């Protein structure tokens, strides 16, 4: 990614036992770039179903989206560990 990014957002996605999106929430929204927020939300919903959290009833992914003006992005994803 280039040294100056257009937007950085932190987005949570709750996934159910089938891998479907239950809920989403912004932890850090790039409010100066509403078009980026909308594209991230669309992208996440289109990516479903996600991997099934086999040992849990649901899982929360926390994604940090690093977004360039060109529309290219990079993810840094954190998950709650399966128990």
Yes or no: residue 50 modelled with pLDDT of 90 or more, in a strand (DSSP E or B) and surrounded by 16 or more Cβ atoms within 10 Å (Cβ to Cβ)?
no
Out of all the residues in the range 1-18, which are closer than 14 Å to residue 59 by Cα and assigned to a loop (DSSP other than H, G, I, E, B)?
16, 17, 18
Please enumerate the residues belonging to the range 19-42 that are part of a loop (DSSP other than H, G, I, E, B) and surrounded by 11 or more Cβ atoms within 10 Å (Cβ to Cβ).
19, 20, 29, 30, 31, 33
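The values are calculated or read from the model by the stated rules, or taken from the named source; none is laboratory data. Owing to the predicted nature of the structure, the values given are computational and were not obtained by experimental measurement. Note that we place each Cβ from the backbone using ideal geometry, even for glycine, and neighbour counts take in every protein chain shown.
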